[in-house]
Amino acid sequence: MDLGKITARVRPRNPHEAADLGIVMARQWFRPLLLLGVLPSFPLMLLLFILFYDQPWWAALILWWLKPLWETLQLQFIAEALFNPQMQWRTVMQQARQHLFHDFFAKLLVQRWSLSRSFNMPVGELERLKGSARSRRLSTLHRDASSTSVWLTLLGNTIEGLLVLGLFGIVWMLVPMKLEVDFEFADLLDSPFLFPTLAWGAYVAMALVSPFYVCSGFMLYINRRTWLEAWDIELTFRQLASKPLQTSSNGAAVLLLLALPLLMLPTSESRAADTLTPEQSQQQIIEILEGDDFNEMKEKKGLRWIDPERRNEKQDDAKEDSFIARQLKKLRNWLRNSATVATVLDWLGALPKLLEALLWGTVIALLAYLIYRFRHMIAPGWLGEASLAKAARPTHLFGLELNQKSLPDDMLTHARALWQQQRQREALSLLYRAALSQLVHQDHLPLEDCHTESECVTLCRKQVDAPRTAYFQLLTRHWITLAYAHQLPDNASFEQLCQQWPTFAASGVNV
Amino acid sequence: MTDSATPTLEQAFALVQTMRAQIGRVMVGQQAVVDQVLCALLASGHVLVEGVPGLGKTLLVKALAKCFDGHFGRIQFTPDLMPSDVTGHALYDMKTESFKIRKGPVFTHLLLADEINRAPAKTQAALLEVMQEKQITIEGKPFPALTPFMVLATQNPIEQEGTYPLPEAELDRFMLKVLIDYPSEQEEQALVRQVTTGRVQDTLSVDAISAVMKASDVPALQAITANIAVDDAVFDYAVRIVRTSRQWHSFSHGAGPRASIALIRVARAQALLQQRNFVTPDDVKQSTLATLRHRVALTAEMEIEGVKTDQALTQMLQEVEAPRL
């Protein structure tokens, strides 16, 4: 970079002026800048559009995300062009590979989301700084002008949006007045051409805006460096140094003659300094400091707060203060001394903390609620299993006592005895109850109150082997006939049930 | 059975099974729908069928009518359908100089009211009288409906635009609301094979069905159904289910006593279909969805959450204890 070759007038500008200069530069080199943007991006856009034919907004989105890549090329060009107006865009294209892939991931991941991207880009791309060196440099540069670069980004986005709308507007305006267009706005939204058109519109807008964005950001950066490194002064010096030599060669001799006494001066002064003792020097410094050069008196008038410590000292002055100033002071004193105000202020001071705690509480409660609300999606069967386990061992089913302790020790003998006593219903009920108890406690069948008899059989079929299920099915059939049709099974059937019982109960404990 | 003597229970079992088999010959798949419609016929009720077009609703009604050699009528409900188009009207006869009654399509055994919700409430209400009272009034004169009389009204769950939802009172008149869904893959394959092989038209015909009995025998079958034994515990279960629906949190209003009555009647028919002479709690439980789904209304919150009536009813059934003995 040779400052001497700079084509723009270098002077410290305010950030808005600098951005404006960037716009002028973008207009100056619009064609090469546009080419540098479109050449790498257009084939990609076309490819993405074909790939995401059904969802064209993906193409636009991905392209938007990759934007820093060709903006790098544009930046390289404008940076060169600033010092060399004869710069050709082909030169940048030839080196495109090294520019495109320099710091590739950082550019697309971390740095992509910075709102002052246009301003930061030169640090990475031109100064080639990385990591902490880059952030240190940026923190120095950001002290001024970064807010303008943020606004530049927001403005760029807005203009892109307006351009897209404008493209639609143009199409709309080009529809001849006499042509009766009979469709609703909602029809346009449903149109299959909407999203492809939007995607291409967004692409065109991006391509048109990016030269201006890059140049403005770059000029903000150059301007910041002009302030920091005093480029304007350096340039003036250079011009001063080179002008006399260029204008007249014999002038140099005159300049030398003039400069001679100046060259002599430091020598005489340093000789004088050698003779002074430190005390003398000190004295001299004090004298100089007390001189008029360092003690310029200025008078300023205005309202300002006075420290309480200095209040007493200034009390006399207060008498001379204006009425408003006195009232303000009184108010200030009251505010400082009042206990109520102090409490209120304390409370107000604690308010942000309180609000923060409240917010966090709300967030945690909301999360907890969401987890609870969608628990079946997060962990299916989570709560279901818990309730299943709870309901796994009902003590009553269909009004029958299922607790194993409630069953007689020798169930079969008891049932047979009941049958003999013509208490058939009780006998069969005992058998059915024992079978259910067996299924619930030994086979862990998840029976619930709402299950009907045949549902119990269905559940049993899923979990228990076939011979035992067959027995339970037979028992259930007899039980249903007795319970709902009031038809007694014959003695043989009952005896058959009793005989098969041990096989059914075999897998469990003896009942 | 061709004579009109009262059949025995065993004969009734056999008759019902034959009807099922006969309808099954033309109605491929949809066994549950066939069973429910048969239940409604046996229990002397009316059915509201909901399903997309082209699932064989007309075929089902035709087949059922053919089974008992009954008449079959069909009304396509449209927004401009008038009550007299349903019931019939008086016509002045120039020759005899008197009014003649021209009976409407409602004078039939099985009436298919297609897309009933497309007609305005006035026309829908014309069906109310005949459904409840089994009589039709034309020009102030009551005429009895044929026996058996059964209405199968259909509704299309999609295309709700421009329809008149049935009022609650009319919905309550339907004993069952049957949901008819697409057949399974195998069933559809069988259906396509059956329709296309050796046929010119693209619909199934009911020619394959032979009449099992006469229309006059159906009341006897209905009487047998009404005498199927029901234990007190089962009565209690059915009533408890319906009463629970009134307090159930998912419903803004539950089912009325007509639902309990319908539930027991359907359960009885279900038992007959299962060849049992007594009703078990299972019969009640299995009939609950079809009997209650059109008589309850979901609360707004449940509708917003996307809960279906059947889901809410199933959830409710899990909370109702099965009969305790």
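Coordinate-derived values only; no laboratory data. In this text, all values refer to a predicted model and were calculated from it rather than measured experimentally. As a convention, Cβ positions derive from the backbone with ideal geometry for all residues, glycine included, and neighbour counts pool all protein chains shown.
Results, tabulated for the structure shown:
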{"quantity": "Nearby aspartates and glutamates by direct alpha-carbon distance to B:Lys66 (threshold 13 angstrom, same-chain neighbours under 8 apart not counted)", "calculated": "B:Asp207"}
{"quantity": "At least 20 Å along the helix axis (C-alpha) and Kyte average at least -0.5, DSSP helices within chain B", "calculated": "B:9-26, B:232-247, B:257-273"}
{"quantity": "Where N is the number of residues in segment B:228-325, Cα Rg divided by 2.2 N^0.38 Å", "calculated": "1.07"}
{"quantity": "Whole-number Å³ per residue for the convex hull built on Cα positions in segment A:3-229", "calculated": "143 Å³"}
{"quantity": "Eligible aspartates and glutamates near A:Lys301 by straight Cα distance, threshold 15 Å, same-chain separation 8 or greater", "calculated": "A:Asp317, A:Glu320, A:Asp321"}
{"quantity": "Per principal axis, descending, Cα span of the protein assembly as shown in whole Å", "calculated": "149, 83, 66"}
{"quantity": "Amide H contacts of B:Phe143 (H built 1.01 Å from N, under 5 Å, at least 5 apart or other chain)", "calculated": "B:Ile136, B:Thr137, B:Ile138"}
{"quantity": "Rg(Cα)/(2.2 N^0.38 Å) for segment A:70-181, N = residue count", "calculated": "1.45"}
{"quantity": "Total charge dipole magnitude, segment A:3-229, about the Cα centre, Cβ charges on Lys, Arg, Asp, Glu only, Debye to nearest 20", "calculated": "1460 debye"}
{"quantity": "Backbone HN-Hα couplings from phi across segment A:430-435 [Karplus 6.51/-1.76/1.60, Hz, Gly and Pro as x]", "calculated": "4, 5, 5, 4, 5, 5"}
{"quantity": "Estimated dipole of the protein assembly as shown in Debye, rounded to 20 [Cβ of Lys and Arg +1, of Asp and Glu -1, Cα centre]", "calculated": "800 debye"}
{"quantity": "Magnitude of the charge dipole, segment A:60-188, Cβ model with Lys/Arg +1 and Asp/Glu -1, debye to 20", "calculated": "920 debye"}
{"quantity": "Too-long pairs where the Cα-Cα distance tops 29 Å, listed order kept, from B:Lys62/B:Lys177; B:Lys57/B:Lys100; B:Lys122/B:Lys214; B:Lys134/B:Lys177", "calculated": "B:Lys57/B:Lys100; B:Lys122/B:Lys214"}
{"quantity": "Exposed-loop-free span, longest in chain B, where trypsin sites (Lys or Arg not before Pro) count as exposed if DSSP calls them loop and at most 12 other C-beta atoms lie within 10 Å", "calculated": "B:200-307"}
{"quantity": "Alpha-carbon spread of segment B:1-227, three principal axes, descending order, Å", "calculated": "56, 48, 38"}
{"quantity": "Shape call, segment A:19-130: gyration tensor on alpha carbons, a/c limit 1.5", "calculated": "prolate"}
{"quantity": "Counting all C-alpha pairs of segment B:56-173, share separated by more than 19 Å (%)", "calculated": "49 percent"}
